[in-house]
Amino acid sequence: MKIGTALTNLTRMKFTKMYGDLELDRLILQPGGGFPLATVGLVIGAVTCVNKLSLTIEYAEETISTKLAQRITKIAIKLLLGKFTEVIMNGQIES
């Protein structure tokens, strides 16, 4: 079985922040249903709503260990924060 990674992001969508007395705080994208984890191994979903970024990382423990998924999560956060040089210099990913 070949294991890979999928990264998905909803397109820019306009959501109303207020729905009567309810205020939308954030959205969560759960992409695992669109990408079978047994064949993909790791799926990262990103969605931004009301200026807040939410990331969901889903993985199958049969194909990727929790320790590796946590390591990938930390690297992804560094990359999102613009710490590209730090990640490459630390050998976390190859340049």
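The values are calculated or read from the model by the stated rules, or taken from the named source; none is laboratory data. Not measured: the values here are computed from a predicted model. FYI the Cβ positions are ideal-geometry reconstructions off the backbone, even for glycines, and counts take in every protein chain you see.
Which condition does Lys83 not pass, out of (1) modelled with pLDDT of 80 or more; (2) of a type outside the set (S, T, N, Q); (3) surrounded by 14 or more Cβ atoms within 10 Å (Cβ to Cβ), if it passes all the others?
(1)
Among the residues of the range 9-24, which ones are at pLDDT below 80 and surrounded by 12 or more Cβ atoms within 10 Å (Cβ to Cβ)?
Residues satisfying the conditions are Asn9, Leu10.
Quick grid of which residues meet (1) modelled with pLDDT under 70; (2) in contact with a Pro (Cβ under 6 Å, 6 or more places away or on another chain); (3) part of a strand (DSSP E or B):
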site: Leu7; (1), (2), (3): yes, no, yes
site: Arg26; (1), (2), (3): no, no, no
site: Gly32; (1), (2), (3): yes, no, no
site: Ala38; (1), (2), (3): no, no, no
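Cβ-Cβ distance below 9 Å, separation of 6 or more or different chains: which pairs start in the range 11-37 with a residue that is in the same structural domain as Asn51 (by TED's automatic domain parsing) and end on one that is of a type in the set (Phe, Trp, Tyr) and at pLDDT 70 or above?
Leu24/Phe15; Leu27/Phe15; Gly32/Tyr59; Leu37/Tyr59
Restricted to the range 56-95, and to residues that are closer than 30 Å to Glu23 by Cβ and touching a residue at least 24 places away in the same chain (Cβ under 8 Å), which residue is farthest from the chain's Cα centre (by Cα)?
Leu80
Considering each residue of the range 40-62, count those that are modelled with pLDDT of 80 or more and assigned to a loop (DSSP other than H, G, I, E, B), and give that number.
3
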